[in-house]
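Since the structure comes first, as structure tokens, the remarks are kept for the end.
The values are calculated or read from the model by the stated rules, or taken from the named source; none is laboratory data. Fair warning: this is a prediction, and the values are worked out from it, not measured in the lab. For neighbour counting, all protein chains shown are included, and Cβ atoms are generated from backbone atoms with ideal geometry for every residue, glycine included. Ligands, DNA and RNA are stripped out before the accessible areas are found, and what is left, the full protein with its side chains, is counted by its heavy atoms. Shrake-Rupley method; radii C 1.70, N 1.55, O 1.52, S 1.80 Å.
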Amino acid sequence: MVRSVNGTINPLGVIMEYRRLGASGLLVPALSFGAGTFGGRGELFEAWGRTDAAQARRLIDISLEAGVTMFDTADVYSDGASEEVLGAAIRGRRDQVLISTKASLPTGPGPFDAGSGRARLIRAVDASLRRLDIDHIDLFQLHAFDAGTPVDEVLAALDDLVRAGKIRYLGASNFAGWQLMKSLASADRNGLTRYVAHQVYYSLVGRDYEWELMPLARDQGVGAVVWSPLGWGRLTGKIRRGQPLPAGSRLHRTAQAGPPVDDELLYNVVDVLDEIAAETGKTVPQIALNWLLQRPTVATVIVGARDENQLRQNLGALGWQLDPTQIARLDKASATTPPYPYYPYYRLPDFARLNPPAV
């Protein structure tokens, strides 16, 4: 369960809330900044953004003024350029920020360029430290499960890196429930450092996280670090029923790389978001982010921004709350039937009594 710490009002007037990351002592801001737009190498990341070090420094200035203290990146973002730009932008203020990065996905064609084996993890962590120009990583996450490497080897290597002072806390990303549970069991069995975070896709148009991973997170003390909270750019307020995609939408180039979303589900959700926007005076993305911030197990939601205006708009998701009736309307519009074996819990009283839903 997410444990909250009283928020603070900062120079921008944003009320930032800090939460414990899973069953750990690490305090993270309710909103974190995703550095996927930094660098801009490669077709996908160039479409996301081409923020250079000077622009990144300005975005980090605004973030820190608002109390956003955690910055997330990965070795595959822009072929390492994201880490390089982030490292340059935080230079001189390392003690003010938390750095989260990831490894495991392929970074090249060689045999040591992918996976979570001991040699690969040691090389990957050292390379990230070098690109970021820091001496430790606050939160290091495996970007994907490596089915070819024994879980005990993976956890032992990560534990060694923690003991060496190169990593403070461990997390996973994009794991299935059994993969995460097997990893936690290995850590417990061998007395190794546990994962306290799971970086997951979760949004109003992608609620699969709730079916198994959320109950697991509540039971095991694993905090959700949410990526793509606006449904891969679909909940920006620019997409409407019966209208073509705006000319400047990145979905023209990136839709196939992200989670698929049924059009009718998307339009149903956007219709309700528009209604609530009229009621609250908030924007569609602010409402979508605020809904996520009230979900069980969510420790922090990663937001990206290519410019100052986008960042300030996202920060407007803080300091207020949707009321229960508005949440219920969004829940209803975004609900889908879970696959077996989860759907009986929602339909049969006996199953529901034995296995209450996490939400």
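For this structure, a couple of remarks:
- Residue 283 hydroxyl-bearing (Ser, Thr, Tyr), modelled with pLDDT of 95 or more and under 16 Å from residue 203 (Cβ atoms): yes
- Extreme residue, modelled with the lowest pLDDT, among residues of segment 223-278 that are of a type in the set (Gly, Ala, Ser), open to solvent by 60 Å² or more (accessible area, probe 1.4 Å) and outside any loop (DSSP other than H, G, I, E, B): 257
- Near pairs, Cβ below 7 angstrom, 6+ apart or cross-chain, from segment 50-71 (among the small types (Gly, Ala, Ser)) to any residue that is open to solvent by 10 Å² or more (accessible area, probe 1.4 Å) and part of a strand (DSSP E or B): 67/8
- For segment 162-179, a tally of residues being more than 30 Å from residue 206 (Cα to Cα), part of a helix (DSSP H, G or I) and under 23 Å from the mean Cα position of the chain (by Cα) returns 1.
- For segment 181-204, a residue qualifies if it is within 17 Å of the chain's Cα centre (by Cα), open to solvent by less than 10 Å² (accessible area, probe 1.4 Å) and not small (Gly, Ala, Ser), and the qualifying residues are 195, 198, 199, 200, 202, 204.
- All conditions but one from (1) within 21 Å of residue 218 (Cα to Cα); (2) free of Cβ contacts under 8 Å to residues at least 60 places away in the same chain; (3) open to solvent by 10 Å² or more (accessible area, probe 1.4 Å) apply to residue 169; the one that does not is (2).
- Residue in segment 88-95 that is of a type in the set (Lys, Arg) and part of a loop (DSSP other than H, G, I, E, B) present: yes
- Flag for residue 23 being open to solvent by 50 Å² or more (accessible area, probe 1.4 Å) and within 21 Å of residue 197 (Cβ to Cβ): yes
- Taking segment 144-166 as the range and being open to solvent by 20 Å² or more (accessible area, probe 1.4 Å) and in contact with a strand residue (DSSP E or B) (Cβ under 9 Å, 6 or more places away or on another chain) as the test, the residues that pass are 144, 145, 162, 166.
- Per this entry, residue 312 is counted among residues that are open to solvent by 40 Å² or more (accessible area, probe 1.4 Å), of a type outside the set (Phe, Trp, Tyr), modelled with pLDDT of 95 or more and more than 23 Å from residue 271 (Cβ to Cβ).
- Test: residue in segment 77-88 that is touching an Asp or Glu at 6+ places or on another chain (Cβ under 7 Å), farther than 27 Å from residue 14 by Cα, of a type in the set (Gly, Ala, Ser) and buried (at least 23 other Cβ atoms within 10 Å of the Cβ): no
- Test for residue 63: is it assigned to a strand (DSSP E or B), among the small types (Gly, Ala, Ser) and within 20 Å of the chain's Cα centre (by Cα): no
- Only residues that are open to solvent by less than 40 Å² (accessible area, probe 1.4 Å), in a helix (DSSP H, G or I) and touching a residue at least 24 places away in the same chain (Cβ under 8 Å) were counted across segment 106-136, and they come to 7.
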